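Down below is the structure, laid out as structure tokens.
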Amino acid sequence: MNMKHTVVALAFGFGSLVMASASAGEVEDRISERLTEAVPGLQVMSVKESEAKGLYEVQSNNGETIYATEDGQYLMTGDLLKITDQGIANVTEAARTEARREMMADYGDEGVISFPAQNEKAVVSVFTDIDCPYCRKLHDEVPQLNDYGITVNYYAFPRSGPNTASFRKYESVWCADDQQAAMDAAKAGRKVADASCENPVREQFELGGRVGVTGTPAIVLEDGNMVRGYVPAQRLAEGLGLL
């Protein structure tokens, strides 16, 4: 097992603070405030005590987990590991998974392009880019996934970002009268008629950033775990316990 993890400690040079009388809420507010001031553009989504005494777990708007000391002066990035009787547990990934599950549940499935299974046994949320070769390969296997009882809900994640040809292509697919047919055509490399309407493509793209999508396809399972990259339909079904 590769145990190499990078841990970066940053000192901000602020004066030391007396923490003895600080309430839990004050500590979390202080950490959030100091990080926001110190890192331009950073948005703190949540701060809570971690399993490791003396460290607070900070979830940021880009899906990254940061650890901070109680005074907010020292930061660590990287995965926090825990030695258990069963071996090494990744505390950070468990936290990411739970946060991802909550964010996906809060957003819901309104506005997704769905390929439902008739005999639904599981639902996967796939952040997809129409022009991504492996996204197209996965899309070719959507009928097989449906046969296994897996509903596929597509969330937009055009990797090139807003105001690009790929982004506008996804908007045209979403605004089409028949979204499924338009998605089939676009994934097959066929021309889709330009269309515009009020759409959730940017919202879904931003959601992908918050849940930690860095490439496509990114498959989010119902428990919040993420499968990064293409997985053959049979293997995905096996992983979900359907075969």
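The values are calculated or read from the model by the stated rules, or taken from the named source; none is laboratory data. In this text, all values refer to a predicted model and were calculated from it rather than measured experimentally. Positions of Cβ are generated from backbone atoms using ideal geometry, with glycine treated the same way; all protein chains shown enter the neighbour counts. Side chains included, ligands, DNA and RNA excluded: accessible areas come from the protein's heavy atoms. Shrake-Rupley method; radii C 1.70, N 1.55, O 1.52, S 1.80 Å.
Distance between Cα centroids, the range 167-195 to the range 77-97: provide it in whole Å. Answer, in whole Å: 41.
Here the 3J(HN,Hα) profile of the range 228-243, calculated from phi with Karplus coefficients 6.51, -1.76 and 1.60 at θ = phi - 60°, is 9, x, 5, 10, x, 4, 5, 5, 5, 4, 5, x, 8, x, 9, 10 Hz, Gly and Pro shown as x. Along the range 47-56 the Karplus relation, 6.51 cos²θ - 1.76 cosθ + 1.60 evaluated at θ = phi - 60°, assigns HN-Hα couplings of 9, 8, 5, 8, 5, 7, 4, x, 10, 10 Hz to successive residues, with x for each Gly and Pro. Shown is the FRET efficiency for THR69 and ASP223, computed with R0 = 41 Å from the Cβ-Cβ distance and rounded to the nearest 0.05: 0.85.
Coupling constants for the range 88-94 follow from the phi torsions by the Karplus curve (6.51 cos²θ - 1.76 cosθ + 1.60, θ = phi - 60°), and in residue order they are 9, 10, 8, 5, 5, 5, 5 Hz; glycine and proline get x. For the chain, relative contact order (Cα pairs under 8 Å, six or more residues apart, normalised by length) works out to 18 percent. Note on ALA38 and GLU110: their simple-model spin labels are 3.8 nm apart, each label 7 Å out from Cα toward Cβ.
The relative contact order of the range 177-243, computed from alpha carbon pairs under 8 Å that lie at least 6 residues apart in sequence, is 14 percent. Across the range 54-156, C-alpha contacts under 8 Å between residues 6 or more apart give a mean separation that, scaled by the residue count, equals a relative contact order of 21 percent. In this simple spin-label approximation, LYS137 and GLN86 carry label points 7 Å from Cα along the Cα→Cβ vector, and these lie 3.1 nm apart. Modelled label positions at ARG202 and ALA165, each set 7 Å beyond Cα in the direction of Cβ, lie 2.2 nm from each other. Radius of gyration (Cα atoms) of the chain, expressed as a multiple of 2.2 N^0.38 Å: 1.17. With all protein chains in place and a 1.4 Å probe, the accessible surface of the chain carries 48 percent carbon and sulfur. Any idea what angle helix 201-210 forms with the longest principal axis of the chain, computed on alpha-carbon atoms, 0 to 90 degrees, nearest 10? On a 0 to 90 degree scale, this one is about 40.
When the Cα convex hull of the range 152-208 is projected onto planes of every orientation, the mean area is 3.9 nm².
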